[in-house]
1. Please work out which residue is farthest from Gly97 (Cα to Cα), limiting yourself to the stretch 31-53 and to residues that are part of a loop (DSSP other than H, G, I, E, B) and of a type in the set (Val, Ile, Thr).
2. Restricted to the stretch 102-120, and to residues that are without any contact (Cβ under 8 Å) to a residue 12 or more places away in the chain and part of a helix (DSSP H, G or I), which residue is surrounded by the most Cβ atoms within 10 Å (Cβ to Cβ)?
3. May I ask you to verify whether Gly65 is assigned to a loop (DSSP other than H, G, I, E, B), modelled with pLDDT under 85 and more than 20 Å from Gly103 (Cβ to Cβ)?
4. Looking at the stretch 90-107, can you tell me whether even one residue there is at pLDDT 85 or above and assigned by TED's automatic domain parsing to the domain that holds Asn5?
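The values are calculated or read from the model by the stated rules, or taken from the named source; none is laboratory data. Bear in mind the structure is a predicted one, so any value in this text is a computation, not a measurement. We place every Cβ from the backbone using ideal geometry, glycine too, and count neighbours over all the protein chains shown.
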Amino acid sequence: MTIINFTPLPALLGGALIGLSAAFLLLAKGRIAGISGIAGGVIYPEQPGDIGWRIMFIVGLVLGGFIYQWLGLGAGVAHITAQVGTPLLIVAGLLVGIGTQIGTGCTSGHGICGLARRSPRSLVATLCFMGSAIVTVFITRHLLGG
């Protein structure tokens with residue numbers, strides 16, 4: 001394996017910002033920073049007036065990437081392209097959405113926030129996420145030659 005862009009400092013800063021934002025959301029709103037739950041709450045709000053902060057959180061996620069690129073910090077990111085067609089990406093996105101509903105959360109909710117809270121359910125979910133990712137990479141790279 002060849003590492004093309006080894007960027008430990010931006011990765012460390014990004015991880016710290018994710019941790020701080022998750023801690024801030026928990027302290028300020030008493031909510032877990034699980035992206036699937038936040039996005040799902042926009043479509044199916046749990047309480048009246050619960051949509052505003054969720055929309056701002058999602059907008060911040062999207063704008064953060066654009067700002068990072070605009071500042072010139074995303075060197076080498078412009079050349080990344082999908083290796084499959086749009087229909088397959090849509091199917092994959094739907095499958096991820098179904099998986100987050102079945103698993104009652106996503107990698108951000110279970111892997112970042114749940115593990116930090118020492119949730120046994122989040123540990124099992126994260127091990128399942130990572131295990132299936134490892135198996136998928138093995139199959140696509142070594143058995144299918146992708």
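1. First, pick out the residues of the stretch 31-53 that are part of a loop (DSSP other than H, G, I, E, B): 31-34, 44-51.
Still in the running and of a type in the set (Val, Ile, Thr): 32, 51.
Working: Ile32: 18, Ile51: 19 Å.
Going through the qualifying residues, I end up with Ile51.
2. Leu115
3. Working: assigned to a loop (DSSP other than H, G, I, E, B): no; modelled with pLDDT under 85: yes; more than 20 Å from Gly103 (Cβ to Cβ): yes.
No, not satisfied.
4. Looking through the stretch 90-107, none of the residues is at pLDDT 85 or above and assigned by TED's automatic domain parsing to the domain that holds Asn5.
A quick yes/no check of all residues on (1) within 17 Å of the chain's Cα centre (by Cα); (2) outside the structural domain of Gly105 (by TED's automatic domain parsing); (3) closer than 23 Å to Gly114 by Cβ:
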position	(1), (2), (3)
Ala11	yes, yes, yes
Leu20	yes, yes, yes
Ala28	no, yes, yes
Ile51	no, yes, no
